[in-house]
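**Q** A single structure is presented below for examination.
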Amino acid sequence: MNRPLLPAQLSSLIPLNALSSRRLQTLRDQLIPRPLLAGEPLFKDADSASSYFLLAGALLLRAPDGAPQRLVAGSPESCHAFSAGPRFNEAWALEDSSVLVVDSCRLDRLLSWQQANADLLLELATNGELTDWLEDLLENPLFAKVPTENVRTMLSRLQPMDLPSGYVLLREGEAGDCCYFLKSGRAEVIVGSDSDQQVVAELDVGACFGEEALLSERPRNATVTLIEDARVLRLARQDFVTLLRAPVVDELDFEHAKQLIGEGAQWLDVRFLDEYQRGHAAQALNMPLHLLRLKSRLLKPDRTYLCYCDSGKRSASAVFLLTQLGFTTFALRDGLDALPADTYAGLISEKGCGYLARSGGRTEVSG
């Protein structure tokens, strides 16, 4: 099975090599080499929606006026992206070849974001601020969707706190009025109480946590305890909603969701198990929000996931969390409650235990 190329394998491809490893992760579904047989067209009278990189073999590129150009893998010219458009309107394989096909808009957006934030980091460093923690924070895929000006404003709103190891920052069941970032130190995320406690995650420098309660407007669903002395940065609810939630949580309507499911996306039901068993979408995986961080390791990194719940608030939390982890994911706008009765009945059509995610992204019917 073809696997995405590693950053080291992309080091000579311009401008892909300008992206950090984490930024490349957001493109991993497009970093799988595509084979072309001799004589096969790469594009013909196509638009410029894609950027192409020649990895192996040779191509014949033809300009709109008919002028040909030969492109050979390994040459200086082959290190650069090319696209269909004013320069070339046809490309054919002269021999068995291999290419990468990358969405031009996504690539441009990532490049623009990285360059803009590089300026911000330089500005802060020039003012004498240590920015290692911020670089870690900005490497989080979550911030690929946050405008630089929002980041700049967020930094001015953060309230720093120096706290000892063992300090409990969040308690499961309490109301949430803020989220936090780790500037230094580590923390662990625990669900349950007493003998039923379970550590579901460990947080390092640059982590964002506590946002689930702000997104869902429900009590904290986990306890977060520092396991090292730490500097923690607090962001108030309204600043979080305005500066982070608005640009990060992608929502779609049911018709768009159906289209993505037809193209291979996967439903994630982020409600509790008993809600799921009462009725769920066909082949939907049950990923309760309070277990999502733990269970996300079972999801396929190159698949699109569509989250739903009753009101849309839990699914917004799920999208925010999964975006931090680098997944492509959307929330069903306003949740199941907003669907007409016939649409709801058609979507929530299966009852019982349903489906389980297994390692490697496999799905199986539960017993």
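The values are calculated or read from the model by the stated rules, or taken from the named source; none is laboratory data. Fair warning: this is a prediction, and the values are worked out from it, not measured in the lab. Here Cβ is always computed from backbone atoms with ideal geometry, including for glycine, and neighbour counts include all displayed protein chains.
**Q** Hey, LEU107 hits all of (1) farther than 30 Å from LEU37 by Cβ; (2) touching a residue at least 24 places away in the same chain (Cβ under 8 Å); (3) not polar (S, T, N, Q) but one; which does it fall short on?
**A** Of everything listed in (1) farther than 30 Å from LEU37 by Cβ; (2) touching a residue at least 24 places away in the same chain (Cβ under 8 Å); (3) not polar (S, T, N, Q), LEU107 misses just condition (1).
**Q** Filter the helices (runs of 4 or more DSSP H) completely within the range 270-367 down to those with at least 1 residues that are in the same structural domain as GLN259 (by TED's automatic domain parsing), over 17 Å from GLU217 (Cβ atoms) and touching a Gly at 6+ places or on another chain (Cβ under 8 Å).
**A** In the range 270-367, 273-278 are the helices (runs of 4 or more DSSP H) which contain 1 or more residues that are in the same structural domain as GLN259 (by TED's automatic domain parsing), over 17 Å from GLU217 (Cβ atoms) and touching a Gly at 6+ places or on another chain (Cβ under 8 Å).
**Q** For THR329, which of the numbered conditions (1) crowded, with 17+ Cβ neighbours inside 10 Å; (2) of a type in the set (S, T, N, Q); (3) within 16 Å of MET287 (Cα to Cα); (4) modelled with pLDDT under 90 fails to hold?
**A** The single condition THR329 does not satisfy is (4).
**Q** In the range 186-198, what residues are polar (S, T, N, Q), under 21 Å from GLU228 (Cβ atoms) and part of a loop (DSSP other than H, G, I, E, B)?
**A** GLN197
**Q** Here is a check on your reading of the model: is LEU215 under 30 Å from ARG106 (Cβ atoms), surrounded by 14 or more Cβ atoms within 10 Å (Cβ to Cβ) and among the aliphatic types (A, V, I, L, M)?
**A** Criteria met by LEU215.
**Q** Can you report the number of residues in the range 233-268 which are assigned to a helix (DSSP H, G or I), touching a Pro at 6+ places or on another chain (Cβ under 7 Å) and either among the hydrophobic types (A, V, I, L, M, F, W, C) or at pLDDT 95 or above (or both)?
**A** 0
**Q** Are any of the residues in the range 120-138 within 25 Å of SER11 (Cα to Cα) and of a type in the set (Phe, Trp, Tyr)?
**A** no
**Q** Any residue that is surrounded by 14 or more Cβ atoms within 10 Å (Cβ to Cβ), more than 30 Å from LEU37 (Cβ to Cβ) and among the hydroxyl-bearing types (Ser, Thr, Tyr) - is there at least one of those in the range 131-147?
**A** Yes, some residue in the range 131-147 is surrounded by 14 or more Cβ atoms within 10 Å (Cβ to Cβ), more than 30 Å from LEU37 (Cβ to Cβ) and among the hydroxyl-bearing types (Ser, Thr, Tyr).
**Q** Only one of these conditions is not met by LEU60: (1) surrounded by fewer than 20 Cβ atoms within 10 Å (Cβ to Cβ); (2) of a type in the set (A, V, I, L, M); (3) out of contact with any Pro (no Cβ under 7 Å at 6 or more places or on another chain). Which number is it?
**A** Every listed condition holds for LEU60 apart from (3).
**Q** Check the range 159-171 and report whether any residue there is among the small types (Gly, Ala, Ser) and in contact (Cβ under 8 Å) with a residue 12 or more places away in the chain. Don't jump to the end; show me each part of the working.
**A** Of all residues in the range 159-171, those among the small types (Gly, Ala, Ser) come to 165-166.
Of the ones still in play, those that are also in contact (Cβ under 8 Å) with a residue 12 or more places away in the chain are 165-166.
Checked against the condition, which is being among the small types (Gly, Ala, Ser) and in contact (Cβ under 8 Å) with a residue 12 or more places away in the chain, the range 159-171 yields at least one hit.
**Q** If you go through the range 21-67, how many residues are polar (S, T, N, Q) and farther than 27 Å from LEU325 by Cα?
**A** Selection size over the range 21-67: 1.
**Q** Tell me which strands (runs of 3 or more DSSP E) are completely within the range 71-185 and hold 3 or more residues being over 30 Å from SER317 (Cα atoms), or say none if there are none.
**A** Values: elements: 90-93, 97-103, 159-163, 168-170, 178-184.
Those strands (runs of 3 or more DSSP E) span 90-93, 97-103.
**Q** Given the residues PRO340, PRO288, which is the only one that is buried (at least 18 other Cβ atoms within 10 Å of the Cβ) and free of Cβ contacts under 8 Å to residues at least 24 places away in the same chain?
**A** Details: PRO340 fails: buried (at least 18 other Cβ atoms within 10 Å of the Cβ).
On inspection, the qualifying residue turns out to be PRO288.
**Q** Can you tell me which residue within the range 300-316, out of those that are in contact (Cβ under 8 Å) with a residue 60 or more places away in the chain and more than 13 Å from the chain's Cα centre (by Cα), is surrounded by the fewest Cβ atoms within 10 Å (Cβ to Cβ)?
**A** Top of the filtered list is LYS313.
**Q** Continuing with the same structure: Could you list, in sequence order, the residues of the range 229-278 that are crowded, with 19+ Cβ neighbours inside 10 Å and of a type in the set (Gly, Ala, Ser)?
**A** ALA230, ALA257, listed by residue number.
**Q** Please go through (1) touching a residue at least 60 places away in the same chain (Cβ under 8 Å); (2) surrounded by fewer than 17 Cβ atoms within 10 Å (Cβ to Cβ) for GLU188 and return the number of the only condition it doesn't satisfy.
**A** Unmet for GLU188, out of (1) touching a residue at least 60 places away in the same chain (Cβ under 8 Å); (2) surrounded by fewer than 17 Cβ atoms within 10 Å (Cβ to Cβ): (1).
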